[in-house]
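The values are calculated or read from the model by the stated rules, or taken from the named source; none is laboratory data. Model, not experiment: these values are computed from the prediction. Heads up, the Cβs are rebuilt from the backbone with ideal geometry, glycines too, and the neighbour counts pull from every protein chain shown. These area figures cover heavy atoms from the full protein model, side chains too; ligands, DNA and RNA do not enter into them. Shrake-Rupley method; radii C 1.70, N 1.55, O 1.52, S 1.80 Å.
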Amino acid sequence: MFPQDTEKLAWGFLSKGSPSSGCEMLVKSLLDHDMEWRQGRASVTTFGGPAKSSVKMSYSAVDEYEESKFLRKAKENPFVPVGMAGFFAIVAYRLLKLKQRGNMKMSVHLIHMRVAAQGFVVGAMTLGVVYSMYKDFVLKPAEAQKALEQKAVEKK
């Protein structure tokens, strides 16, 4: 995984000097950025300038960050992990049932498996959108209305 400014670095290096020297500089720069990332350093680089800040993170800190990010996203959208789990469960079940498919062609069996798994994921996404809309347009306005009523009572 390379930094987000890789494209800017590429165009900056390729526009300098001969194409071969630009390509060599680009490859060296990308390898350096990749090495920094692998060592757990997140560096902020500006276009055409040196790194402004460098933060060192250990592998365990990166793992904790990614894990907490996943858990936070799962709390925000609880139907995403449900959809993923359902997808893998359906695929596993249909692969186990592969031997008992009878005279059904393999391609037909795989298509049915794909349609079932996709259907589950689309259903989970739809439920997630409905849940999100319910939270945003029903629960939040109700809480805001209660807060306004409570302030009105306190003023009197």
Pairs under 8 Å by beta carbon, first residue farther than 12 Å from Phe79 by Cβ in segment 113-138, partner modelled with pLDDT of 90 or more and among the basic types (Lys, Arg), six or more apart or different chains?
Met113/Arg94; Ala116/Arg94; Ala117/Arg94
At pLDDT 65 or above, under 29 Å from Arg114 (Cβ atoms), among the hydrophobic types (A, V, I, L, M, F, W, C) and open to solvent by less than 80 Å² (accessible area, probe 1.4 Å) - does that describe any residue in segment 66-74?
yes
Hits in segment 116-156 (condition: under 23 Å from Met84 (Cα atoms), among the aliphatic types (A, V, I, L, M) and open to solvent by 80 Å² or more (accessible area, probe 1.4 Å)):
Val122, Met125, Leu127, Val129, Val130, Met133
